[in-house]
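The values are calculated or read from the model by the stated rules, or taken from the named source; none is laboratory data. The structure displayed is predicted, hence computed values, not measured ones. Methodologically, a virtual Cβ is constructed for each residue, glycine included, from the backbone with ideal geometry; neighbour enumeration extends over all protein chains shown.
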Amino acid sequence: MFAIYKRELRAYFVTPLGYIFCGMFLLVSGLLFYWTTLAEQSTESLSEYFLYLVMMFAILIPLLTMKLLADDRRIKTEQLLLTAPVSLTGMVMGKYLAALTIYGCTFLVNSFNFVLLYLYGTPNTAAILANILGTFLIGAAFIAVGLFLSSLTQSQLIAAVSSIGVIVAMLLLFFVIEYVPYAWLRSVLQWFSVVDRYLPFMNQSLSIPAVVYYLSLAALFVFLTVRVYDKRRWS
């Protein structure tokens, strides 16, 4: 698994993709931070900044995941992975952790934006940490979704477009729930809503059910990816 992890990390920076993701993430996040917080000269809108950043994950995360497995099918290296002396779970986890590392390191660099708040004011540290945790977990779950969709095709473009579509649908669920006429159905949809689960973090609260939900969502799509390759190995 570690060999695949190192190979994928290296691959991100052999091609421009890793630089594009890091650059776009930092640029978009910086602009959002300036627009929602610095320009307003207030930390009251920090939760708004994080929510906008989560929405931008619909574009940013597919950039990170579109090549993970689709490219192996395209360049015919998939069979090497399937016959390598590593379990399918190890192979998939190596790729997932590589993408998660790039995302996590970029997110860490982006977090230095908040140093400005401490230089010129006294921001709510609990609110910042809660939002950072919630946003990171959402990104980790979306990476697993993109990984799964990348395993279904050999086209990076199709993998990216399908990931954008699925992530947008998961995010929009929050906005359409209020129009659902049945209370029981609204409750079910709220339970599955990615954004509804994020609301406690916006209110400076650590929600254990939300943490479990995001980790379970990531684990589910990693598991589904393994099953895709398990079926492909024997077909």
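Here are a few things to note about the model shown:
- Cross-chain or 6+ apart pairs with Cβ under 7 Å, region 165-182 first and surrounded by 11 or more Cβ atoms within 10 Å (Cβ to Cβ), then of a type in the set (Phe, Trp, Tyr) and at pLDDT 90 or above: 167/57; 167/142
- Residue match in region 62-70 (condition: farther than 30 Å from residue 232 by Cα and touching a residue at least 12 places away in the same chain (Cβ under 8 Å)): no
- Considering 94, 139, 134, the condition of being in a helix (DSSP H, G or I) and out of contact with any Lys or Arg (no Cβ under 9 Å at 6 or more places or on another chain) is satisfied by 139 alone.
- Among the candidates 222, 226, 176, residue that is farther than 19 Å from residue 136 by Cβ, touching a Ser or Thr at 6+ places or on another chain (Cβ under 9 Å), modelled with pLDDT of 85 or more and not aromatic (Phe, Trp, Tyr): 226
- The set of residues from region 160-198 being farther than 30 Å from residue 67 by Cβ and of a type in the set (Val, Ile, Thr) comprises 176, 177, 180, 188.
- Close Cβ contacts (under 8 Å, 6 or more residues apart or on different chains) running from residues in region 80-102 that are touching a residue at least 60 places away in the same chain (Cβ under 8 Å) and among the basic types (Lys, Arg) to residues that are crowded, with 18+ Cβ neighbours inside 10 Å and in a loop (DSSP other than H, G, I, E, B) comprise 95/68; 95/69.
- Taking each residue of region 1-19 that is small (Gly, Ala, Ser) and looking for partners that are in a helix (DSSP H, G or I) with beta-carbon atoms closer than 7 Å, six or more apart or interchain, yields 18/12; 18/102.
- The set of residues in region 20-61 that are part of a loop (DSSP other than H, G, I, E, B), among the polar types (S, T, N, Q) and free of Cβ contacts under 8 Å to residues at least 24 places away in the same chain comprises 41, 42, 45.
- Qualifying residue in region 189-210 (condition: surrounded by 16 or more Cβ atoms within 10 Å (Cβ to Cβ), of a type in the set (Ser, Thr, Tyr), at pLDDT below 90 and within 16 Å of the chain's Cα centre (by Cα)): yes
- Hits in region 130-146 - residues which are within 15 Å of residue 55 (Cβ to Cβ) and of a type in the set (Phe, Trp, Tyr): 142
- Residue in region 193-205 that is part of a helix (DSSP H, G or I) and farther than 21 Å from residue 47 by Cβ present: no
- Among the candidates 77, 83, 89, residue that is closer than 15 Å to residue 229 by Cβ, at pLDDT 85 or above and over 16 Å from the mean Cα position of the chain (by Cα): 89
- Test for residue 154: is it of a type in the set (S, T, N, Q), touching a helix residue (DSSP H, G or I) at 6+ places or on another chain (Cβ under 9 Å), over 26 Å from residue 71 (Cβ atoms) and surrounded by fewer than 18 Cβ atoms within 10 Å (Cβ to Cβ): no
- Failed item in (1) in contact with a Pro (Cβ under 6 Å, 6 or more places away or on another chain); (2) farther than 22 Å from residue 132 by Cα, with residue 169 passing the rest: (1)
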